[in-house]
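Read the structure below first, then the notes.
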Amino acid sequence: LSPMPEGLTNHQVVRRHILGSIIQSERSYLESLRRILQEYHRPLMEAEPRILSPRKIRPIFYRIREITQCHSMFQIALASRVAEWDSSEKIGDLFVASVSVYYRNQTGCSQLE
């Protein structure tokens, strides 16, 4: 998010703070998902001797790759929208699009419209 321009209304300042929180929250969540994949899922899948069978591991990490992909796509779309925030102040449609794509595909987010 670019530095706050001069002359914003209180409402615009609040919206920028909310946007900053959304960006930080999404970044943190995506980092957590990636850490789960790297530090827990991968070691369990690659362990020799096996700690758990893949059949038992799958439900523990149910659709984590798809969820990570969804949030990665959302973060890309969000970054694009943040770049033009001062002129549009619009991100709600990204939430609707990401949820719509996920439920339409039921296998993950292949693209945000």
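The values are calculated or read from the model by the stated rules, or taken from the named source; none is laboratory data. Just so it is clear, the model here is predicted, and its values are computed rather than measured. Cβ sites come from the backbone with ideal geometry, for glycine too, and all protein chains shown count toward neighbours. The area values use the complete protein model at the heavy-atom level, side chains included, leaving out ligands, DNA and RNA. Shrake-Rupley method; radii C 1.70, N 1.55, O 1.52, S 1.80 Å.
Summary table below
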{"quantity": "Some residue of region 60-68 being at pLDDT 95 or above, in a helix (DSSP H, G or I), more than 13 Å from the chain's Cα centre (by Cα) and not polar (S, T, N, Q)", "calculated": "yes"}
{"quantity": "Residue among I64, I51 that is in contact with a Leu (Cβ under 7 Å, 6 or more places away or on another chain) and open to solvent by 70 Å² or more (accessible area, probe 1.4 Å)", "calculated": "I51"}
{"quantity": "Hits in region 1-30 - residues which are more than 20 Å from L94 (Cα to Cα) and assigned to a helix (DSSP H, G or I)", "calculated": "N10, H11, V13"}
{"quantity": "Residue match in region 27-48 (condition: open to solvent by 40 Å² or more (accessible area, probe 1.4 Å), of a type in the set (S, T, N, Q), under 24 Å from V101 (Cα atoms) and at pLDDT below 95)", "calculated": "no"}
{"quantity": "Conditions (1) loosely packed, with under 11 Cβ neighbours inside 10 Å; (2) touching a helix residue (DSSP H, G or I) at 6+ places or on another chain (Cβ under 8 Å); (3) not charged (D, E, K, R): number failed by S21", "calculated": "(2)"}
{"quantity": "Cross-chain or 6+ apart pairs with Cβ under 8 Å, region 78-95 first and touching a residue at least 24 places away in the same chain (Cβ under 8 Å) and within 12 Å of S2 (Cα to Cα), then in a helix (DSSP H, G or I) and among the β-branched types (V, I, T)", "calculated": "V82/I23"}
{"quantity": "Hits in region 71-88 (condition: polar (S, T, N, Q), open to solvent by 60 Å² or more (accessible area, probe 1.4 Å) and modelled with pLDDT of 90 or more)", "calculated": "S80"}
